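The values are calculated or read from the model by the stated rules, or taken from the named source; none is laboratory data. Predicted model only: the values in this text are computed from it and were never measured. Reconstructed Cβ throughout: ideal geometry from the backbone, glycine too, with neighbour counts over all protein chains shown.
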Amino acid sequence: MRYLALILALLLSACDKAPPYHSQSYVFGTLVDISIDGLSDERAAMLANHVQQDFQNLHGRLHAWKPLSANQPSELAELNLAIAQGLSLRVQPDLALMLKEAQQLSAKSDGLFNPAIGHLIGVWGFQRDEFSPLPIATQAIQKWRDAKPGMADLIIDGEHVRSKNTAVKLDLGGYAKGYALDRAAAYLRQQGVKHALINIGGNIIAIGQHGDKPWRVGIQHPRLPNAIATLDLADGWAIGTSGDYQRYFMQDGKRYCHIIDPRTAYPATHMQSVTVLVPPQAPGHAQAGVLSDVASKPLFIAGVAQSHRYAEVFGLQDYLLIDDKAAIFVTSGLAKKLHWLVSPVKFTTLNPHAQP
């Protein structure tokens, strides 16, 4: 689990200093971990609880298939119902902004990042709490491919949202964690927090540092229950990993993961994991947390040979790829930042601006 790597990294970085305040919960279908340093436990607990409650609220509003209650769908599910009926729905202002940003990021990725594939995620059984083999629904998959729902089908007019394609079903699972990271980091900074680390299932953003050193975080090994490497995460930087090792099922000896290639409508199978390191972003642009969540998906789907194309689109200089044969590829800049925890490590150095 990725959280084991984070705990290991925190232990590595806290050898001679009192540990930071630590808060954990389970939100967005994953473990959420908040560490706040330099404050009293009472103050840190109050701020961490506010963030955790905000995460729970976002999770409820944006859940693609679980209702808030027996008679009340989530805000996103309500929108999906309206889209399926060919209707327009007024949404909360922040959701309209999220959808606009997701639409822009989808366009940049040539549709490889596509939150409109909710129906397809359901067909593959990944809108469940437990993952088990399902018969491959070839007819439903072909029907989805014929409809070709995408974020470009959304029409966002102020706070009113509709779609030209009733096959669109929104699932923000590849965006919401990053959005929540940015939101939490902004709130903590507004509250005067100078040093914190926020981790949502392996998407991590840093504020300040831990004592006199940067926060040290782990990168999960895709086939072992521990970290493959650690690195120091500077103030405002975020890191995110997409992998085939948490949400997947095995069938006939083949692994089917939740990262689906919209071009084929089948799970991507030629990568084990992709980790991206994202610097702080200028105001008015997608922020580091969002990019840590979103940008890893196109690289995962595109594979090693085309990774440079989407890295350049998203302004990434630092990323690590592990393909389906367990071969490791690392950009030259990131290779200098990594502290490997397994040996021997053999990797190919990538130029982020050229095809490997």
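Of the helices (runs of 4 or more DSSP H) lying entirely inside segment 87-184, those containing at least 3 residues that are surrounded by fewer than 20 Cβ atoms within 10 Å (Cβ to Cβ), at pLDDT 95 or above and more than 17 Å from the chain's Cα centre (by Cα) span 93-108, 138-147.
Scanning segment 138-170 for residues that are among the acidic types (Asp, Glu), closer than 19 Å to Leu76 by Cα and out of contact with any strand residue (DSSP E or B) (no Cβ under 7 Å at 6 or more places or on another chain) yields a single hit, Asp157. The residues in segment 25-60 that are free of Cβ contacts under 8 Å to residues at least 12 places away in the same chain and either over 23 Å from Tyr175 (Cα atoms) or in contact with a Cys (Cβ under 7 Å, 6 or more places away or on another chain) (or both) can be counted, and the count is 4. Residues in segment 225-243 include at least one that is at pLDDT below 95, part of a loop (DSSP other than H, G, I, E, B) and in the same structural domain as Leu341 (by TED's automatic domain parsing).
Of all the residues in segment 249-262, those that are surrounded by 15 or more Cβ atoms within 10 Å (Cβ to Cβ) and either outside any loop (DSSP other than H, G, I, E, B) or free of Cβ contacts under 8 Å to residues at least 12 places away in the same chain (or both) number 5. Any residue at all in segment 258-267 that is more than 22 Å from Pro19 (Cβ to Cβ) and polar (S, T, N, Q)? So far as segment 258-267 goes, yes, one or more of its residues are more than 22 Å from Pro19 (Cβ to Cβ) and polar (S, T, N, Q).
For Ala282, are the conditions met, namely being on the phi < 0 side of the Ramachandran plot and either in a strand (DSSP E or B) or over 19 Å from the mean Cα position of the chain (by Cα) (or both)? It would help to see each step written out before you state the result.
Details: on the phi < 0 side of the Ramachandran plot: yes; either in a strand (DSSP E or B) or over 19 Å from the mean Cα position of the chain (by Cα) (or both): yes.
Spelling it out, Ala282 is indeed on the phi < 0 side of the Ramachandran plot and either in a strand (DSSP E or B) or over 19 Å from the mean Cα position of the chain (by Cα) (or both).
Quick test for you: out of Ala295, Ala206, Ala227, pick the one residue that is crowded, with 23+ Cβ neighbours inside 10 Å, under 26 Å from Gly118 (Cβ atoms) and in contact with a strand residue (DSSP E or B) (Cβ under 7 Å, 6 or more places away or on another chain).
Details: Ala206 fails: under 26 Å from Gly118 (Cβ atoms); Ala227 fails: under 26 Å from Gly118 (Cβ atoms).
Going through Ala295, Ala206, Ala227 in turn, just one is crowded, with 23+ Cβ neighbours inside 10 Å, under 26 Å from Gly118 (Cβ atoms) and in contact with a strand residue (DSSP E or B) (Cβ under 7 Å, 6 or more places away or on another chain): Ala295.
If you filter segment 57-86 down to residues that are farther than 23 Å from Arg183 by Cβ and in contact with a Leu (Cβ under 8 Å, 6 or more places away or on another chain), you find that the one that is surrounded by the most Cβ atoms within 10 Å (Cβ to Cβ) is Ile83. Contact map, segment 280-291: residues that are within 15 Å of Lys108 (Cβ to Cβ) paired with residues that are aliphatic (A, V, I, L, M), Cβ distance under 6 Å, separation 6+ or inter-chain. Pairs shown: Gln281/Ala288; Leu291/Val278.
His63 passes every criterion in (1) out of contact with any strand residue (DSSP E or B) (no Cβ under 8 Å at 6 or more places or on another chain); (2) within 30 Å of Gly315 (Cβ to Cβ) apart from (2).
Go over the candidates Asp212, Asp244 one by one and state the one that is within 25 Å of Ala116 (Cβ to Cβ), among the acidic types (Asp, Glu) and either crowded, with 22+ Cβ neighbours inside 10 Å or more than 19 Å from the chain's Cα centre (by Cα) (or both). Even if it seems obvious, please write down each step before you answer.
Numbers: Asp212 fails: within 25 Å of Ala116 (Cβ to Cβ).
Within the list Asp212, Asp244, the selection yields Asp244.
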